[in-house]
Amino acid sequence: MSQQRKQISDLARQERIAFKKHSLLRMHERKINADEVKKEEKAMKCALCNGKMMKGYTHLTYEIDGSFFLVVKDVPAMVCNQCGEAFVEIGVVRVVEKIVEVAKHDGVTLGIVKYKAAA
């Protein structure tokens with residue numbers, strides 16, 4: 001009986017050690033993530049007025065040669081809470097450019113399209 005208790009005690013100790021190692025690793029990961037979030041928050045300032053940038057939506061208008069007009073509505077963007085200036089990430093811009101190309105190829109001369117429906 002005493003041998004079994006010792007084995008159980010050893011297993012429990014090993015599990016506690018493994019749990020502590022896992023917890024420390026997770027805490028380290030969280031600290032890194034928290035630091036990255038803080039850096040992002042500091043970097044998320046408007047280039048025009050230094051206001052705070054927040055996730056939102058904007059409309060993008062395209063005019064080509066005076067004969068093609070397209071408005072892409074509800075495009076995901078970072079929008080300044082002070083001046084309202086919108087900044088669109090490059091990946092989203094590429095999707096919008098494809099939407100514009102498809103509309104132009106399809107012969108659209110005047111149109112309004114929602115980003116989510118066309119993306």
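Laboratory data are not the source of any read-out in this text; all were calculated from the coordinates shown. Just so it is clear, the model here is predicted, and its values are computed rather than measured. As a convention, Cβ positions derive from the backbone with ideal geometry for all residues, glycine included, and neighbour counts pool all protein chains shown.
Couple of notes before you dig in:
- Residues of the stretch 89-118 that turn out to be of a type outside the set (A, V, I, L, M) and either assigned to a strand (DSSP E or B) or within 30 Å of C49 (Cα to Cα) (or both), as a count: 8
- Residue within the stretch 98-111 that is under 21 Å from the mean Cα position of the chain (by Cα) and within 18 Å of C46 (Cβ to Cβ) present: no
- Within the stretch 74-88, being part of a strand (DSSP E or B) and surrounded by 16 or more Cβ atoms within 10 Å (Cβ to Cβ) holds for V75, P76, A77, M78, V79, C80, A86.
- Figure legend. Inter-residue proximity from the stretch 89-104: first residues surrounded by 13 or more Cβ atoms within 10 Å (Cβ to Cβ), second residues part of a helix (DSSP H, G or I), beta-carbon distance below 6 Å, spacing 6+ or different chains. Indicated pairs: I99/A118.
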